[in-house]
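Since the structure comes first, as structure tokens, the remarks are kept for the end.
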Amino acid sequence: MSGHYLSTRIADVVVPYLTSYKEFVLGDILSVFDNLQERADKIGNDACNRFMASVVDEDYGGDGSEGPDVAMSAAQQYFENMSDLRRATLNLYLAGLFHVLEQQLAGIAQDSLFDAHPSDSKIDELCDWYDEHVGVDLKTLEHWGAVDIMRLLANTVKHGEGQSARQLRV
């Protein structure tokens, strides 16, 4: 297997796939969370209007001054909920991106040009396989640090507090 074949395969298959993934997440998924402040303001205004409409009967003894508090509370709750959902969505897609990278590396390793294939698509086994069968130590590549951080983040997203989360804090 030549280095030219490997670099061509990565350039023609892996990079476009990962680029499409990035564009999809940034352009289509995260755009759902655009204009959160404006949307929260609308939620607050709607809540205030509903409150004010409900207090205009003769049984209400107040002056309606609670309206702004109702609006602020509704807007703040919406904004916090949506911010949490954005963070959770980003975390899930980041974990997905890491697993796509693993799958793409495993896909190349499954190529019929190789006599031996990795038995798993876990990144550590793939690194060992590439080193042994292709002569490429993935862990020495320029951006390996980013891949390792993605691995730790993906594990933290999936498993919560644990070794990966502790390593991220170091």
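Read-outs throughout are calculated quantities, based only on the coordinates presented, and are distinct from any laboratory measurement. Here the structure is a predicted model, which is why all the values come from computation and not from measurement. Quick reminder, even Gly has a Cβ in these numbers, built from the backbone with ideal geometry, and neighbours come from all protein chains shown.
Cα gyration tensor of the stretch 20-119, axes a ≥ b ≥ c as square roots of the eigenvalues: rounded (a/c below 1.5), prolate (a/b > b/c) or oblate? Taking the square roots of the gyration eigenvalues as a ≥ b ≥ c, the stretch 20-119 is prolate. Across all Cα atoms of the chain, the radius of gyration (one decimal) and Dmax (whole number) stand at 25.0, 85 Å.
Calculated FRET efficiency, residue 169 to residue 122, Cβ-Cβ distance, R0 = 22 Å: about 0.45 to the nearest 0.05. Loop-located GluC sites (Glu not before Pro) in the stretch 22-108 (DSSP state other than H, G, I, E, B) with a sparse environment of at most 12 neighbouring Cβ atoms within 10 Å: 58. Approximating the spin labels as points 7 Å out from Cα along Cα→Cβ, the residue 87-to-residue 19 distance works out to 3.3 nm. Coupling constants for the stretch 72-81 follow from the phi torsions by the Karplus curve (6.51 cos²θ - 1.76 cosθ + 1.60, θ = phi - 60°), and in residue order they are 4, 5, 5, 5, 5, 4, 4, 4, 5, 4 Hz; glycine and proline get x. Each pair of Cα atoms in the stretch 125-170 enters the Kirkwood radius, and Stokes-Einstein at 25 °C and 0.890 mPa s then converts it into a translational diffusion coefficient of 211 µm²/s.
What's the center-to-center distance, using Cα atoms, between the stretch 22-58 and the stretch 118-170 in Å? Between the Cα centres of the stretch 22-58 and the stretch 118-170 lies a distance of 40 Å.
Summary: within the chain, the longest segment free of chymotrypsin sites (Phe, Trp or Tyr not before Pro) located in DSSP loops with at most 16 other C-beta atoms within 10 Å is 1-59.
Pairs of Lys residues in the chain are counted when their Cα atoms are under 30 angstrom apart and they lie 8 or more places apart or on different chains; the count is 6. The Rg/Rh ratio for the stretch 96-147 is 0.95, where Rg is the radius of gyration of the alpha carbons and Rh is the Kirkwood radius. Net length available on complete extension from residue 37 to residue 110 is 21.5 nm, with 0.36 nm assigned per residue and the Cα-Cα distance removed. The mean sequence distance of close C-alpha pairs (under 8 Å, at least 6 residues apart), as a share of the length of the chain, puts its relative contact order at 21 percent.
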